[in-house]
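Asker: The following block contains the structure, expressed as structure tokens.
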Amino acid sequence: MEKPRIIAVMPAYNAESTLERTLKDIPPGTVDEIILVDDCSRDRTVEVARSLGLTVIAHERNTGYGGNQKTCYTAALERGADIVVMIHPDYQYDSRVIPIAAELIRLGNCDVILGSRIRTRKEALAGGMPAWKYVANRCLTIFENVALGQNLGDFHSGFRAYRREVLETVPWRENSDDFVFDTQFLAQAVYFGFRLGDIPVPVRYFAEASSINFWRSTRYGLLTLWVMLQFWLNRLRICRSPLFRKTL
């Protein structure tokens, strides 16, 4: 792939105070366009994004994290993206790694790249990750690696890069509008034979960074286990799910 068109997408909700910092870290010339999809923020996210020259899509109603990503990927494909990089505008993930993720995809090493927040336990906890969230992440990631036959460091990262063919093949429009969208997408990518890899991304936890609470995390964890079961039911041809039906 020579000179791919790279589009960064940002699913946004109340990102007024962190958006500009996230953008400033993106190396100049790395992306051809940045699309921000605002999910009915209660602050000035839309105004700030437009003042910074981003392509802005504002939802008329809150669709949830997964619903926001659906709009992001639809818009990126319509604008001719060869590589789509999804990064949260809350400054939790280091946007300086965007060119590294895109290059690994351009070279054909991987079809999907995730940013791993957990290089070491000490580093993750020092970066502000709550201990309970660290333990939950490790347990779920180990389980998912075994279930999906992968070797990823962090299955629950909000930094992701995709080759266009992945978004054209995976039936992500059938996915949940909630946080489990991400888990479903990765299970689908594995099911259809795409290659997953990851790169280290320093973790940043602070007041303005988005995060789900303990009870929503618990629900998310249980839904993650359900997605793994669905994956194997489909793999063994015991039960078919629309989640694993190839996009026509």
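Asker: Considering only residues of the range 171-180 that are touching a Lys or Arg at 6+ places or on another chain (Cβ under 8 Å) and buried (at least 17 other Cβ atoms within 10 Å of the Cβ), which is nearest to Val84 (Cα to Cα)? Talk me through it step by step, then tell me what you get.
Answerer: Going through the range 171-180, the residues touching a Lys or Arg at 6+ places or on another chain (Cβ under 8 Å) turn out to be 171-175, 177, 179.
Now narrow it down to the ones that are buried (at least 17 other Cβ atoms within 10 Å of the Cβ): 171-172, 175, 179.
Values: Pro171: 16, Trp172: 14, Asn175: 18, Phe179: 19 Å.
Taking the candidates together, the pick is Trp172.
Asker: Condition first: more than 13 Å from Phe185 (Cβ to Cβ) and hydrophobic (A, V, I, L, M, F, W, C). Now tell me which residues in the range 134-151 satisfy that.
Answerer: Taking the range 134-151 and keeping what is more than 13 Å from Phe185 (Cβ to Cβ), we get 134-143, 145-147, 149-151.
Across the range 134-151, the qualifying residues are Val135, Ala136, Cys139, Leu140, Ile142, Phe143, Val146, Ala147.
Asker: Just the residues that are surrounded by fewer than 21 Cβ atoms within 10 Å (Cβ to Cβ) and touching a helix residue (DSSP H, G or I) at 6+ places or on another chain (Cβ under 8 Å), please, taken from the range 75-85. Walk me through it before giving the result.
Answerer: The first filter runs over the range 75-85 and keeps only residues surrounded by fewer than 21 Cβ atoms within 10 Å (Cβ to Cβ), leaving 75, 77-80, 82.
Passing the criteria: Leu77, Asp82.
Asker: Continuing with the same structure: Keeping to the range 181-195, report how many residues are surrounded by 17 or more Cβ atoms within 10 Å (Cβ to Cβ), more than 13 Å from Ser241 (Cβ to Cβ) and aromatic (Phe, Trp, Tyr).
Answerer: Number of matching residues: 3.
Asker: Given the conditions (1) under 15 Å from the mean Cα position of the chain (by Cα); (2) modelled with pLDDT of 95 or more; (3) closer than 22 Å to Leu229 by Cβ, which single one is not true for His156?
Answerer: (2)
Condition check ((1) under 22 Å from Pro202 (Cα atoms); (2) among the polar types (S, T, N, Q)) across all residues:
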position: Ala136; (1), (2): yes, no
position: Cys139; (1), (2): yes, no
position: Phe143; (1), (2): no, no
position: Ala147; (1), (2): no, no
position: Leu152; (1), (2): yes, no
position: Phe159; (1), (2): yes, no
position: Arg164; (1), (2): no, no
position: Thr169; (1), (2): no, yes
position: Asn175; (1), (2): no, yes
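Asker: So which pairs qualify, if the first residue must be in the range 200-227 and closer than 18 Å to Ala124 by Cα and assigned to a loop (DSSP other than H, G, I, E, B), the second must be of a type in the set (Val, Ile, Thr) and at pLDDT 75 or above, the Cβ gap must be under 7 Å, and the two must be at least 6 apart or on different chains?
Answerer: Val201/Val97; Glu208/Thr18
Asker: Next question, about the same structure. For the range 20-56, give me each residue that is in a loop (DSSP other than H, G, I, E, B), in contact with a helix residue (DSSP H, G or I) (Cβ under 9 Å, 6 or more places away or on another chain) and of a type in the set (Ser, Thr, Tyr).
Answerer: Result: Thr30, single match.
Asker: Report yes if some residue within the range 72-80 is within 14 Å of the chain's Cα centre (by Cα) and either in a loop (DSSP other than H, G, I, E, B) or β-branched (Val, Ile, Thr) (or both); otherwise report no.
Answerer: No, the conditions are met nowhere in the range 72-80.
Asker: What do you reckon, is Thr141 in contact with a His (Cβ under 8 Å, 6 or more places away or on another chain), surrounded by fewer than 23 Cβ atoms within 10 Å (Cβ to Cβ) and either polar (S, T, N, Q) or closer than 30 Å to Arg5 by Cβ (or both)?
Answerer: yes
Asker: Which of the numbered conditions does Glu168 fail, given that it passes all the others? Conditions: (1) touching a Leu at 6+ places or on another chain (Cβ under 9 Å); (2) under 30 Å from Glu2 (Cβ atoms); (3) without any contact (Cβ under 8 Å) to a residue 60 or more places away in the chain; (4) surrounded by fewer than 16 Cβ atoms within 10 Å (Cβ to Cβ).
Answerer: All conditions are met except number (3).
Asker: Here are the criteria: (1) in contact with an Asp or Glu (Cβ under 9 Å, 6 or more places away or on another chain); (2) modelled with pLDDT of 95 or more; (3) surrounded by fewer than 19 Cβ atoms within 10 Å (Cβ to Cβ); (4) within 21 Å of Cys110 (Cβ to Cβ). Tell me which single one Pro202 does not satisfy.
Answerer: Here Pro202 meets the rest and fails (2).
Asker: Does Phe159 satisfy being touching a strand residue (DSSP E or B) at 6+ places or on another chain (Cβ under 9 Å) and closer than 29 Å to Leu104 by Cβ?
Answerer: Working: touching a strand residue (DSSP E or B) at 6+ places or on another chain (Cβ under 9 Å): yes; closer than 29 Å to Leu104 by Cβ: yes.
For Phe159, the condition - touching a strand residue (DSSP E or B) at 6+ places or on another chain (Cβ under 9 Å) and closer than 29 Å to Leu104 by Cβ - is met.
Asker: I need every pair where a residue in the range 19-39 that is within 25 Å of Asp82 (Cβ to Cβ) has its Cβ under 8 Å from the Cβ of a residue that is of a type in the set (Asp, Glu), sequence separation at least 6 or different chains.
Answerer: Pairs found: Thr22/Asp90; Asp25/Asp94.
Asker: Considering only residues that are surrounded by fewer than 19 Cβ atoms within 10 Å (Cβ to Cβ), among the hydrophobic types (A, V, I, L, M, F, W, C) and closer than 17 Å to Ile6 by Cα, which ones fall in the range 105-136?
Answerer: Quick first cut of the range 105-136, residues surrounded by fewer than 19 Cβ atoms within 10 Å (Cβ to Cβ) only: 106-109, 119-123, 125-128, 130-136.
Cutting the leftovers down to among the hydrophobic types (A, V, I, L, M, F, W, C) gives us 107, 125-126, 131-132, 135-136.
Answer for the range 105-136, where residues must be surrounded by fewer than 19 Cβ atoms within 10 Å (Cβ to Cβ), among the hydrophobic types (A, V, I, L, M, F, W, C) and closer than 17 Å to Ile6 by Cα: just Leu107.
The values are calculated or read from the model by the stated rules, or taken from the named source; none is laboratory data. None of these values were measured; they are calculated from a predicted model. Glycine gets a Cβ as well: all are built from the backbone with ideal geometry, and neighbour counts include every protein chain shown.
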